[in-house]
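Read the structure below first, then the notes.
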Amino acid sequence: MNFIDSHAHIFSEEFNEDFEDVLRRAKKNGVTRIMIITTEKEEAYRAMDFAQKDPYHYQVAYGIHPEYIRDFTEEKFRDFEEIVRLDAITAVGEIGLDYHWEKEMKEEQKELFIRQIEVANRLNKPILVHSRDAMQDTFDVMKAHPSRGLLHCFPGSIEMAHAFTKLGYYIALGGAITFKNARHSVDVCKGVDLNYLLSETDCPYMAPVPHRGHRNEPSYIPDIVKVFAEVRGISIEEMAKTIEENYARFLGEENATH
Ligand SMILES: [Zn+2]
């Protein structure tokens, strides 16, 4: 079985000490492909250097996270444009809206989100969208500015998930589905079009049960996909295979089946 982690911050400092061990454990558990999310310029270049040696197994994404809106400058946007146009960058993200951390600057967040979508569209790269306490605005922006991509750690209802998949966006779910109070995550997993479902850790955050409260890492993906399979009433093999195919299609790889 091959597993996919579509959202992993493995170049964040939480992994400095045992980076090689983390990768070894992921490989041992069959987590074959990892989308490395980077949010700092230096981090992006380090991740690209690493991933370029093995581009099938590791993809790299870079974007200006909405949490950083207060530090935003045009110089940072120029850096962003320079980085995401590189071939070593597969996707633009995470980008989006976060009204949980930043309640004030909604208009500025929307404007930055739209500008980054436009760059991604010009480069024909998918977007990885972060949305927190901002579901309706996220949808409105993405409907008005069509692109392709995924919603990471999807926080919305099953009705919203359907609305996004109708626009062609993928829905990524993570460790939250293993939590006892994860009703909405379970509903989304149960009802979403299976061809649009992806798995992620969002490590080092959001560790699934039985690792909850500790640092998360890509090797925990099978714990998450096992719950997906239970919720859908299919085997974990079939679930893993579907997600692997979805990920290839999401990346726009040739020969990806539907
Ligand atoms: Zn993230």
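The values are calculated or read from the model by the stated rules, or taken from the named source; none is laboratory data. Because the structure is predicted, anything quoted here is derived from the model rather than measured. FYI the Cβ positions are ideal-geometry reconstructions off the backbone, even for glycines, and counts take in every protein chain you see. The protein model used for the area step is the full one, side chains on, heavy atoms only, and it has no ligands, DNA or RNA in it. Shrake-Rupley method; radii C 1.70, N 1.55, O 1.52, S 1.80 Å.
Using the crude model of +1 on Lys and Arg Cβ and -1 on Asp and Glu Cβ, and no other charge, please compute the dipole size for the stretch 164-258 relative to its Cα centre, in debye to 20.
In total the dipole reaches around 460 debye.
If the limit is 18 Å between Cα atoms, which of Lys103/Lys143; Lys166/Lys226; Lys76/Lys110 go over it?
Beyond 18 Å between Cα atoms: Lys103/Lys143; Lys166/Lys226.
Quick one: Cα centre-to-centre distance for the stretch 207-258 and the stretch 47-105, in angstrom?
23
For a Förster distance of 22 Å, can you work out the FRET efficiency between the beta-carbons of Glu40 and Glu74, rounded to the nearest 0.05?
0.80
For every helix of n ≥ 4 consecutive DSSP H residues, a contribution of -39,500 (n - 2.57) applies; sum these over the chain, divide by its total residues, and give [θ] at 222 nm rounded to the nearest 500 deg cm²/dmol.
My calculation for the chain gives -12500 deg cm²/dmol from helical runs alone.
Tell me, what % of the accessible area of the chain is carbon and sulfur with a 1.4 angstrom probe?
48
Which of the three applies to the stretch 1-120, rounded, prolate or oblate, going by the alpha-carbon gyration tensor with a ≥ b ≥ c and a/c under 1.5 meaning rounded?
prolate
Applying a 10 Å radius around every beta-carbon, put 230-241, 163-174 in order of their mean neighbour count, most first.
Packing order, densest peptide first, comes out as 163-174, 230-241.
Mind giving me the nanometre distance, one decimal, between the label points for Glu118 and Arg212, set 7 Å out from Cα along Cα→Cβ?
Result for the modelled spin labels: 4.3 nm.
Using only the Cα atoms of the chain, build the gyration tensor, take square roots of its eigenvalues as a ≥ b ≥ c, and label the shape rounded, prolate or oblate: rounded if a/c is under 1.5, else prolate if a/b is larger than b/c, else oblate.
Values: a/c = 1.43, a/b = 1.17, b/c = 1.22.
It comes out rounded by the Cα gyration axes.
Looking at the P(r) of the stretch 26-94, how many percent of alpha-carbon pairs lie beyond 20 Å?
Cα-Cα pairs of the stretch 26-94 separated by over 20 Å account for 30 percent.
Suppose all protein chains stay in the model; what accessible area per residue would a 1.4 Å probe give for the chain, in Å²?
That works out to 46 Å² per residue.
HN-Hα J couplings of the stretch 210-216 from phi, Karplus 6.51/-1.76/1.60, θ = phi - 60°, integer Hz, Gly and Pro as x?
x, 9, 3, x, 10, 5, 8
To the nearest 20 debye, what is the magnitude of the charge dipole of the stretch 3-250 about its Cα centre, counting +1 on the Cβ of each Lys and Arg and -1 on the Cβ of each Asp and Glu?
Taking the Cα centre of the stretch 3-250 as origin, the dipole is about 860 debye.
Rank Phe15, His65, Leu173 by how far each Cα sits towards the positive end of the charge dipole of the chain (+1 on Lys, Arg Cβ; -1 on Asp, Glu Cβ) and give me just the farthest.
Leu173
Can you find, among Val209, Val231, Ala144, the residue farthest towards the positive end of the dipole of the stretch 3-250? Put +1 on the C-beta of Lys and Arg, -1 on that of Asp and Glu.
Val231
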